[in-house]
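Here the structure is laid out as structure tokens; the discussion comes afterwards.
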Amino acid sequence: MLSGAGLSAASGIPTFRGADGLWEGHRIDQVATPVAWKRDPTLVRRFYDLRRVAAAKAEPNAAHAALTRLQRQWGPERVVLVTQNVDGLLTRAGAPSVIEMHGSLHRLRCEAREDHPRVAVSGPQDPEGECGLCLAPLRPDIVWFGETPHALGRISEAVAACTWFLSVGTSGVVYPAAGYVEQAAWSGATCLEINPEPAGGPFNYVLRGGAETLLPSLVDHWLAGTP
Ligand code: NAD
């Protein structure tokens with residue numbers, strides 16, 4: 001199951017691109033690239049501080065709860081939850097295992113070495129914070145444009161092996177996530193999209209509407225039988 005910003009829309013977290021093509025009033029190249037971080041860390045820190053505060057105030061919605069129920073009942077090997085979201089709401093809903101391929105607002109990482117330990121953060125990031133191993137500055141643990149998402153090998157394996165591929169609330173414009181539906185279809189999976197707007201892709205079934213409305217009954221249906 002691949003989710004995007006639409007999964008958290010009913011929790012009051014705005015999706016990525018507004019009609020103006022901006023993310024919360026900012027151009028992507030101002031706040032979501034390594035170059036932006038080098039150029040103006042204060043602006044980038046403030047941007048993610050605000051997103052972190054908003055995510056902490058938000059509550060998981062019925063769609064997060066439904067996916068959590070499915071994964072708890074069928075187990076994380078059978079229900080692989082991959083999300084592009086950085087808000088942590090699937091985990092807060094109680095999902096046992098979530099692959100956060102674009103990172104998390106709730107962690108910081110070493111600016112110099114990606115393999116150095118992550119640091120949990122709540123509230124605004126301390127600008128003076130340092131990596132515990134090498135004393136380099138800390139940055140948000142967000143995968144910015146131009147960087148490699150997390151767990152790509154694990155995700156690819158799961159996509160190639162799945163019998164059902166469910167895409168929820170993603171516009172299908174950010175790669176590599178946007179390519180997973182093609183990979184799943186090519187491997188013979190049945191592909192289902194839940195989104196009020198068509199995102200495009202080789203879907204066998206499409207449910208138009210909000211995830212918070214459609215997912216709970218779909219999950220009930222699946223749990224009542226075998227998909
Ligand atoms: P996107 O904003 O590009 O697309 C959101 C999609 O959700 C759209 O196709 C829209 O039609 C759909 N949608 C809107 N309301 C919905 C609802 N109630 N139910 C189901 N679908 C709904 O998002 P994306 O494809 O995830 O790409 C966004 C990128 O920005 C990701 O890299 C992500 O890391 C980041 N981002 C994350 C969050 C978050 O963590 N909540 C929020 C904004 C952006």
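Summary of computed values
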| item | result |
| --- | --- |
| Subset of the range 128-177 that is of a type in the set (D, E, K, R) and exposed (fewer than 13 other Cβ atoms within 10 Å of the Cβ) - its residue that is farthest from the ligand (Cβ to nearest atom) | E128 |
| Matching option when the condition is in contact with a Phe, Trp or Tyr (Cβ under 6 Å, 6 or more places away or on another chain) and closer than 24 Å to Q71 by Cβ, among V168, V159, V98, V143 | V159 |
| Single residue of the range 178-200 satisfying the filter (under 21 Å from H102 (Cα atoms) and of a type in the set (G, A, S)) that is surrounded by the most Cβ atoms within 10 Å (Cβ to Cβ) | A184 |
| Filtered residues of the range 29-53 (kept if more than 19 Å from V143 (Cβ to Cβ) and within 16 Å of the ligand (Cβ to nearest atom)) | V53 |
| Subset of the range 97-123 [closer than 17 Å to A54 by Cβ, out of contact with any Leu (no Cβ under 9 Å at 6 or more places or on another chain) and not hydroxyl-bearing (S, T, Y)] | H102, G103, L105, H106, R107, G123 |
| Among residues of the range 202-221, those that are farther than 18 Å from L81 by Cα, within 11 Å of the ligand (Cβ to nearest atom) and of a type outside the set (A, V, I, L, M), counted | 4 |
| Qualifying residue in the range 75-91 (condition: of a type in the set (D, E), in contact with a Ser or Thr (Cβ under 6 Å, 6 or more places away or on another chain) and touching a residue at least 40 places away in the same chain (Cβ under 8 Å)) | yes |
| A224 over 16 Å from V80 (Cβ atoms), in contact with a Pro (Cβ under 7 Å, 6 or more places away or on another chain) and more than 12 Å from the ligand (Cβ to nearest atom) | no |
| Every residue from the range 168-227 that is of a type in the set (D, E, K, R) and under 21 Å from A151 (Cα atoms) | E182 |
| Residues of the range 6-24 satisfying the condition of being modelled with pLDDT under 95 and not in a loop (DSSP other than H, G, I, E, B) | W23 |
| Filter pass, V98 being touching a strand residue (DSSP E or B) at 6+ places or on another chain (Cβ under 7 Å) and near the ligand (Cβ under 10 Å from one of its atoms) | no |
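Yes or no, residue by residue, for (1) out of contact with any helix residue (DSSP H, G or I) (no Cβ under 8 Å at 6 or more places or on another chain); (2) within 12 Å of the ligand (Cβ to nearest atom):
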site	(1), (2)
A55	no, yes
A58	no, yes
N61	no, yes
A65	no, no
R72	yes, no
G75	yes, no
V80	no, no
T83	no, yes
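The values are calculated or read from the model by the stated rules, or taken from the named source; none is laboratory data. Everything numeric in this text was worked out from a predicted model, so none of it was measured. Note that each Cβ is placed from the backbone with ideal geometry, even for glycine, and that neighbours are counted across all protein chains shown.
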